[in-house]
1. Restricted to the range 221-241, and to residues that are more than 20 Å from the chain's Cα centre (by Cα) and modelled with pLDDT under 80, which residue is surrounded by the fewest Cβ atoms within 10 Å (Cβ to Cβ)?
2. Which of the numbered conditions does residue 122 fail, given that it passes all the others? Conditions: (1) under 30 Å from residue 75 (Cβ atoms); (2) assigned to a helix (DSSP H, G or I); (3) in contact (Cβ under 8 Å) with a residue 12 or more places away in the chain.
3. Output yes when any residue across the range 278-298 is crowded, with 23+ Cβ neighbours inside 10 Å, in contact (Cβ under 8 Å) with a residue 60 or more places away in the chain, farther than 22 Å from residue 205 by Cβ and in contact with a helix residue (DSSP H, G or I) (Cβ under 7 Å, 6 or more places away or on another chain), and no when none is.
4. From the list 153, 213, which one is more than 13 Å from residue 263 (Cα to Cα) and part of a helix (DSSP H, G or I)?
5. Looking only at the range 159-171, how many residues end up being part of a helix (DSSP H, G or I), in contact (Cβ under 8 Å) with a residue 24 or more places away in the chain and surrounded by fewer than 19 Cβ atoms within 10 Å (Cβ to Cβ)?
6. Of all residues in the range 232-259, how many are part of a strand (DSSP E or B) and free of Cβ contacts under 8 Å to residues at least 12 places away in the same chain?
7. Filter the range 37-65 for residues that are within 24 Å of residue 100 (Cα to Cα) and modelled with pLDDT under 90 and give the result.
8. The conditions are (1) surrounded by fewer than 21 Cβ atoms within 10 Å (Cβ to Cβ); (2) under 26 Å from residue 160 (Cβ atoms); (3) touching a strand residue (DSSP E or B) at 6+ places or on another chain (Cβ under 7 Å), and residue 327 fails exactly one of them. Which is it?
């Protein structure tokens, strides 16, 4: 056996080799395995945690992966992993290669061990093959145990897929739609072991995350590979995970998958690249999953996948206890009350209202409210969502002046890709307690420990609201609840929060058990007024900014 995970070690690309080692580490009982490979990685390709059997404490390991054709790895790789250990404050370092190590590399490793006390290991081709042959390794690793509703979702989707060749799962963020999807892919390949599966995403970051998520569901005999940008394998056995842009050229060249899974299926429209893939693969089984099935162009994704096989929304998931308890605080102290008193005299468009109803919110107010929650939280981990890059950059400078947030960081499209990747990795590892984000964390990012979410004047989009709120709703050991601070600046956001409160907590007239969730306005006057205004505004969420509203007289 000269291959691992179905890939020839002698002819493997550096990028694919790093992912092979990443997958290997999960089988070796490492946890929180994070691929940080790329420009600016500081000598670390992978950072991972593993429990020390003697102390029961988790130790941080750094791995430097070196893919070579035939040459031995020299001493410079040992120095690289040394730098990576320093950058990530790691206990252990490993250089791993698909070939062998030079005598100078072995000597340098011994020198750092004896002189500096650094624990650095060297894993070569022989060690990798021995691990692959080990029957304990070849077994699956920590396959997730599905919750009751996930079992129901899997069974419903598998029934529709088997009978109609199409299925759709609508599961709110935090409910594990990827777990259901992984179970579907596993079952399909179990029943059809020679079949090819194509998994589609719209972003490179999601391609990487999806491949990792699928590893938990697949035996080591099933190969996985990515198709994205410069990563274009010649053959696609097993599971291929691809950006839709990269997949199209394979489809046009004759690649014919047996099952197509579309993650974030709301990206499928009446036309476009997703639609082209599905239209060119009409004989393939198709399965879609999304947390947010709504599209701005009103296209119904059921046209592509059929009606939802299973549906569990964010409100029902919260009410049934499948998501974290929520303490939702909506701040409305920036309302222009003089303007409110004049509302009954005119009809205003939604756009006019958002501009005139909400006064500019001071960043210092956001900082102060966030700090109060932070001080009282157990092991606080937070995400602040901003509407613009400019606001995110300005806000992070203010927040970093607080000692607890001195190493806060931003993630948005205008910082280099390697910096985004590093910041996300350090956030997952706990080195960065607070992230300020613009859209980057809407989809695909899973950090269950997040227990504070702050909306800093973000504008309303139903889909983005649900996605961003979902970043804090995942359950985690020791996590009691998530606190949400919403500095509202959009009338439709208020409507969305009022609807969520009614659905999850019930109205005063409802006879329900006490709710574990709290959804409240900082100013009760604002809640009562908005509740009256918006009582019949059922279509407000999808209404255009130009839509005009009439309001009753308000007594101040």
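1. 234
2. (2)
3. yes
4. On the way: 213 fails: more than 13 Å from residue 263 (Cα to Cα).
Result of the check over 153, 213: 153.
5. Of all residues in the range 159-171, those part of a helix (DSSP H, G or I) come to 159-164.
Checking which are in contact (Cβ under 8 Å) with a residue 24 or more places away in the chain leaves us with 159-161, 164.
Among the residues that remain, those that are also surrounded by fewer than 19 Cβ atoms within 10 Å (Cβ to Cβ) are: 159, 164.
Here the count works out to 2.
6. Of the residues in that region, 0 qualify.
7. If the condition is that a residue be within 24 Å of residue 100 (Cα to Cα) and modelled with pLDDT under 90, then 37, 38, 41, 42, 43 are the ones that fit.
8. All conditions are met except number (2).
The values are calculated or read from the model by the stated rules, or taken from the named source; none is laboratory data. Quantities reported herein were computed from a predicted structural model and do not represent experimental measurements. As a convention, Cβ positions derive from the backbone with ideal geometry for all residues, glycine included, and neighbour counts pool all protein chains shown.
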